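S.K.: This is the structure I have questions about; it appears just below.
The values are calculated or read from the model by the stated rules, or taken from the named source; none is laboratory data. These numbers were taken from a predicted model, which means no experiment stands behind them. Ideal geometry is used to build each Cβ from the backbone, glycine not excepted, and the neighbour counts take in all protein chains shown.
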Amino acid sequence: MALSIGTPLSPHATRVLLLGSGELGKEVVIELQRFGVEVIACDRYADAPAMQVAHRSHVFDMLDRAKLRAIVEAEQPHLIVPEIEAIATSELLLLEREGWTVIPTADAARLTMDREAIRRVAAEELELPTAKFQFADSFEELKAAAATLGWPVVIKPIMSSSGKGQSVARTPADLEQCWAYSQTGGRTGAGRIIVEEFIEFESEITMLTVRSANGTSYCDPVGHRQVGGDYVESWQPHPMTTGQVEQAQSIAKRITDRLGGRGLFGVELFLCKDDRVIFSEVSPRPHDTGMVTMATQVWSQFALHARAILGLPIPHITRYAAGASVALRATDRLVSPMINGLAEAYAVQDVDVRFFGKPSATARRRLGVVLATGATAAAALVKGKQVAAGITLTEAH
């Protein structure tokens, strides 16, 4: 049953506590506020993008169990919505058992934060097709795993996001550097890693999958390109055979059914030359590659997420255009970043630019996105890349 939504900032408000306040969370806040939902945004740093559009905010380390509980008890939210991985999921599990509602579920947040847990569920419990993999707790175990799996191998921290700590070792000489990066780039510091065989895939896609009041539905497949494990561009629709679409939707439904709850999930998949589809990862929240849907769909992935978590039905997902997104990333460390070149960007037909408003950035950090539509996704991508090339990100002086 859908929630009855009260007036924000009143005793009858419908309150959502957002755990993580980046650019994806910002769009979720905007969509929730269209319904009159009162949103409280949280993150580990002040003035994060979602905080700038929320009703109020809290700054704290969400891995701190006591602080997380204190915020929940103080705010009394109807829904707790994790938007990042670095959260004390053990406390979320306790809160859920006490009657608080976690989106999609506390167990989904726990499983997907931990690459070992979600890979074991996918490969061993659900028997989904995945890359061969091993886990390693030391450099010596990494060397043994790589020798067993064969070259090249992909190395990732158990807990990380946006490609942080992820690298590819093509020869034994690469292992030491890859190991060092895996120990510094993860969400929770040094620790266990996953070592995967390198899949020779033709393309990568995200199957945006929505669990709502009236069942499971899918957006048209989103193709994407990553550099160093981080998304740099995406497009929709991605060309796929009927067989690939059926496999992709089947995998997405099986993994999201296992995770349960309601909301939008980003299911990452590899498409191989022999028409096989291989499961890679899943996020129980809007996906960075899905920002393209802000230009292509009647309801973007953020609008779909908001509707689903509020218990509203989603009878149909309508895509009205082919489009692409191109990430705008910092090339250096920036404080109070500024975006330049907007007049030239908006002189191009069917282009939009989103500047996230992050207070600072390190090199490679995503600060904005160019959205473009065109006759085809490929044409939109060409346009988006041309526009992005004319935009610069600088530090305020």
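S.K.: Can you report the number of residues in the range 220-249 which are part of a loop (DSSP other than H, G, I, E, B), over 24 Å from Arg366 (Cα atoms) and either among the basic types (Lys, Arg) or out of contact with any Pro (no Cβ under 7 Å at 6 or more places or on another chain) (or both)?
M.R.: Taking the range 220-249 first, the residues part of a loop (DSSP other than H, G, I, E, B) are 220-221, 228-229, 237-241.
Applying the additional criterion that residues be over 24 Å from Arg366 (Cα atoms) yields 220, 239-241.
In the following step, the residues that additionally are either among the basic types (Lys, Arg) or out of contact with any Pro (no Cβ under 7 Å at 6 or more places or on another chain) (or both) were identified as 239, 241.
Number satisfying all stated conditions: 2.
S.K.: Looking for whichever is within 25 Å of Ile255 (Cα to Cα), among the acidic types (Asp, Glu) and crowded, with 17+ Cβ neighbours inside 10 Å here; the options are Glu116, Glu91. Which one fits? Working first, answer last.
M.R.: Details: Glu116 fails: crowded, with 17+ Cβ neighbours inside 10 Å.
When all the criteria are applied, what remains is Glu91.
S.K.: If you don't mind, there's one more thing I want to ask. Considering every residue within the range 247-258, establish whether at least one is in contact with a Cys (Cβ under 7 Å, 6 or more places away or on another chain), more than 27 Å from Thr373 (Cα to Cα) and not polar (S, T, N, Q). Write out each step before concluding.
M.R.: Just the residues of the range 247-258 that are in contact with a Cys (Cβ under 7 Å, 6 or more places away or on another chain), to begin with: none.
Among the residues of the range 247-258, not one is in contact with a Cys (Cβ under 7 Å, 6 or more places away or on another chain), more than 27 Å from Thr373 (Cα to Cα) and not polar (S, T, N, Q), which makes the answer no.
S.K.: Sticking with this one: Any chance you could count how many residues in the range 27-36 are surrounded by fewer than 24 Cβ atoms within 10 Å (Cβ to Cβ) and either in contact (Cβ under 8 Å) with a residue 60 or more places away in the chain or in contact with a Phe, Trp or Tyr (Cβ under 7 Å, 6 or more places away or on another chain) (or both)? Spell out how you get there, then give the answer.
M.R.: Within the range 27-36, the subset surrounded by fewer than 24 Cβ atoms within 10 Å (Cβ to Cβ) is 30-31, 33-36.
Filter once more, keeping what is either in contact (Cβ under 8 Å) with a residue 60 or more places away in the chain or in contact with a Phe, Trp or Tyr (Cβ under 7 Å, 6 or more places away or on another chain) (or both): 30-31, 34-35.
The qualifying residues number 4.
S.K.: Another question about this same structure. Can you tell me which residue among Arg225, Arg192 is out of contact with any Cys (no Cβ under 7 Å at 6 or more places or on another chain) and assigned by TED's automatic domain parsing to the domain that holds Trp299?
M.R.: Working: Arg192 fails: assigned by TED's automatic domain parsing to the domain that holds Trp299.
One residue alone meets the criteria, Arg225.
S.K.: Please indicate, with yes or no, whether at least one residue in the range 158-170 is buried (at least 18 other Cβ atoms within 10 Å of the Cβ), aliphatic (A, V, I, L, M) and in contact with a Phe, Trp or Tyr (Cβ under 8 Å, 6 or more places away or on another chain).
M.R.: yes
S.K.: Just to check your reading of the model, which residue among Thr331, Thr318, Thr362, Thr296 is of a type in the set (Val, Ile, Thr) and free of Cβ contacts under 8 Å to residues at least 24 places away in the same chain?
M.R.: Numbers: Thr331 fails: free of Cβ contacts under 8 Å to residues at least 24 places away in the same chain; Thr362 fails: free of Cβ contacts under 8 Å to residues at least 24 places away in the same chain; Thr296 fails: free of Cβ contacts under 8 Å to residues at least 24 places away in the same chain.
The conditions single out Thr318.
S.K.: Quick check: is even one residue across the range 252-261 surrounded by 17 or more Cβ atoms within 10 Å (Cβ to Cβ) and either in a loop (DSSP other than H, G, I, E, B) or of a type in the set (Ser, Thr, Tyr) (or both)?
M.R.: yes
S.K.: Moving on to the next point. Is it the case that Ile205 is buried (at least 21 other Cβ atoms within 10 Å of the Cβ), assigned by TED's automatic domain parsing to the domain that holds Thr171 and closer than 30 Å to Leu175 by Cα?
M.R.: Working: buried (at least 21 other Cβ atoms within 10 Å of the Cβ): yes; assigned by TED's automatic domain parsing to the domain that holds Thr171: no; closer than 30 Å to Leu175 by Cα: yes.
When the stated conditions are applied, Ile205 does not pass them.
S.K.: Mind telling me which of the residues Asp288, Asp274 ends up being buried (at least 20 other Cβ atoms within 10 Å of the Cβ) and among the charged types (D, E, K, R)? Before you say what the answer is, go through the steps one by one.
M.R.: Working: Asp274 fails: buried (at least 20 other Cβ atoms within 10 Å of the Cβ).
Answer to the check: Asp288.
S.K.: Return the only residue of Ala380, Ala343, Ala363 being in the same structural domain as Val210 (by TED's automatic domain parsing), modelled with pLDDT under 95 and of a type in the set (A, V, I, L, M, F, W, C). Lay out the reasoning, then the answer.
M.R.: Numbers: Ala380 fails: modelled with pLDDT under 95; Ala343 fails: modelled with pLDDT under 95.
Exactly one residue qualifies, and that residue is Ala363.
S.K.: How about the range 322-340: which of its residues are crowded, with 16+ Cβ neighbours inside 10 Å and within 16 Å of Val370 (Cα to Cα)?
M.R.: Looking only at the range 322-340, we keep the residues that are crowded, with 16+ Cβ neighbours inside 10 Å, and these are 322-330, 334, 337, 339.
Within the range 322-340, Ala322, Gly323, Ala324, Ser325, Val326, Ala327, Leu328, Arg329, Ala330, Ile339 qualify.
S.K.: So, one more: With respect to Ile314, is the statement that it is out of contact with any Asp or Glu (no Cβ under 6 Å at 6 or more places or on another chain) and assigned to a strand (DSSP E or B) true?
M.R.: Details: out of contact with any Asp or Glu (no Cβ under 6 Å at 6 or more places or on another chain): yes; assigned to a strand (DSSP E or B): no.
The answer is no for Ile314.
S.K.: Does Ile199 qualify as being more than 15 Å from the chain's Cα centre (by Cα), part of a strand (DSSP E or B) and touching a residue at least 40 places away in the same chain (Cβ under 8 Å)? Give the derivation first.
M.R.: Details: more than 15 Å from the chain's Cα centre (by Cα): yes; part of a strand (DSSP E or B): no; touching a residue at least 40 places away in the same chain (Cβ under 8 Å): yes.
Criteria not met by Ile199.
S.K.: Considering the range 282-303 alone, what residues qualify as being touching a helix residue (DSSP H, G or I) at 6+ places or on another chain (Cβ under 7 Å) and part of a strand (DSSP E or B)?
M.R.: Within the range 282-303, Val282, Ser283 qualify.
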